[in-house]
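Undergrad: Provided herewith is a single structure, encoded as C-alpha cells, for subsequent inquiry.
Computed from the coordinates by the stated procedures, all read-outs in this text should not be read as laboratory data. If you're wondering where the values come from, they're calculated on a predicted model, not measured in any experiment. A quick note on method: Cβ atoms are made from the backbone with ideal geometry, for glycine too, and the neighbour counts reach across all protein chains shown.
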Amino acid sequence: MTTRRSLIAGNWKMHKTGDEAVQTVQQLKTLVADAGDVEVMVAPPFTALTQVATTLAGSTIALGAQNMHWEAKGAFTGEIAPAMLVSAGCRYVIIGHSERRQFFGETDATVNRKIHAALAAGLSPVFCIGESEAQRDAGQTFSVLDKQVKNGLEGLFSKDLQSLVVAYEPIWAIGTGKTATNDQAQEVHAHLRRLMAEILDNTLAQTMRILYGGSVNPGNVKGLMAMPDLDGALVGGASLDPETFSQLVHYQG
Ligand code: PEP
C-alpha cells in the first residue's frame, strides 16, 4: 500500500498584514513543531511572503502563495511571476481556487497555463477543482471535475506532475460552514484517483496527494482525514488562528 504524507495547508486569502502574519507563524512554529508526519503549509498574501519566509527559516512549515501569473515577466500590472515566488521562499502555489475562478475570471485554460509555469519554475501547484451546489444537485459532480482536471492538466504527463497536489473543494462547502460528509468526500477522491490513473498512470495516481477543502474545522477534521483517499486539507477560515490551525494539524490525536 502506498503511503502519502498528509498535507495540512492554510489559505489565508486577503487576511493579515506582514506583521500580523509574522505573529501568527511565530506561534504556529511552536505549536506544530512536533507534527513530524504531517506536512504543514501556509499561504499568506503576497505582501507578507518575505517576512513570513524569514520567520519560518529553520522550521519545517512550508510557504505557499495564493496565485501567480503564467508569464515570466512583462507588462502585466499587478501580477506576480513564478520566479518572484521562488525568490520569496515559496515551495507551493495555489492555482485555480474557486474564488479566482468566480471573481477574477480564471478559466480552465488560464489554470492550465499557470500549472505549466509553476512546474517549470520548480513550484508545487496546489490545483483546486470543485463543483457548485447546482452542479451537484444536477448529478454533474464527476463530469464537472473530469473536465476541470483534463483541461487543467492538458499537455502535462506523469513525469511532469510528481509534485502536483490536487485540492478537491466543493464550492458549496467553501466558507459556508457546510462540509461534505466523509463519504461524499471519499467518493469524489476515489473517483479522482481513478481518473488520474486513467489519464496519467497508476503509480502517479497512487502517490498523488488529494486534499479536501471546504469548512474543515477541529470538529470534522478527524473523520475526513480517516477516509482512505483524503491526504490532507486546504483550509481557509480555520487556518487564520494558530491554535485552531494547530488542532487541525494534530488531527491524529
Ligand atoms: C478555501 O478557501 O480553500 C477553503 C477551504 O475555505 P474554508 O476552509 O473557509 O471553507
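Undergrad: Choose one of G177, F127, L145: the residue whose Cα lies farthest towards the positive end of the charge dipole of the range 103-177 (beta-carbon charges +1 Lys, Arg; -1 Asp, Glu; about the Cα centre).
TA: Value: F127.
Undergrad: Also, quick follow-up: Once you put a point 7 Å from the Cα of F157 and another 7 Å from the Cα of D241, both along the Cβ direction, what distance in nm separates them?
TA: 4.9
Undergrad: Can you tell which of T54, T141, T207 shows the greatest fluctuation in a Gaussian network model of the chain with Cα springs below 10 Å?
TA: T54
Undergrad: State the extension gain, in nm to one decimal, for the chain segment bounded by K150 and A197, taking 0.36 nm per residue of separation less the distance between their alpha-carbons.
TA: 15.7 nm
Undergrad: Starting from the Cα-Cα distance between A53 and R4, subtract it from 0.36 nm times their residue separation and give me the gain in nm to one decimal. Could the numbers behind the result be given before it?
TA: Details: separation 49, 0.36 × 49 = 17.64 nm, distance 2.55 nm.
Using 0.36 nm per residue and subtracting the Cα-Cα distance, I get 15.1 nm.
Undergrad: May I ask you to derive the relative contact order of the chain, considering only C-alpha pairs under 8 Å and at least 6 residues apart, and to give it as an integer percent?
TA: 22
Undergrad: Okay, next question. Quick check for me: using +1 on Lys/Arg Cβ and -1 on Asp/Glu Cβ, what's the dipole size of the range 1-91 about its Cα centre, in debye to the nearest 20? The partial results should precede the final answer.
TA: Details: 7 positive and 7 negative charges, 25 e Å.
Charge dipole, the range 1-91, about its Cα centre: 120 debye, nearest 20.
Undergrad: Something else: Pick from I61, I171, I80: which residue has the top mean-square fluctuation in a GNM of the chain where Cα pairs under 10 Å get a spring?
TA: I80
Undergrad: Here is a follow-up. Only Lys, Arg, Asp and Glu count, each charged at its Cβ (+1, +1, -1, -1), so figure out the dipole size of the chain about its Cα centre, rounded to 20 debye.
TA: Roughly 320 debye, rounded to the nearest 20.
Undergrad: Taking the alpha-carbon distance from K29 and a cut-off under 14 Å, which aspartates and glutamates remain once sequence neighbours fewer than 8 residues away in the same chain are dropped?
TA: Cα-Cα hits under 14 Å: E39, D241, E243.
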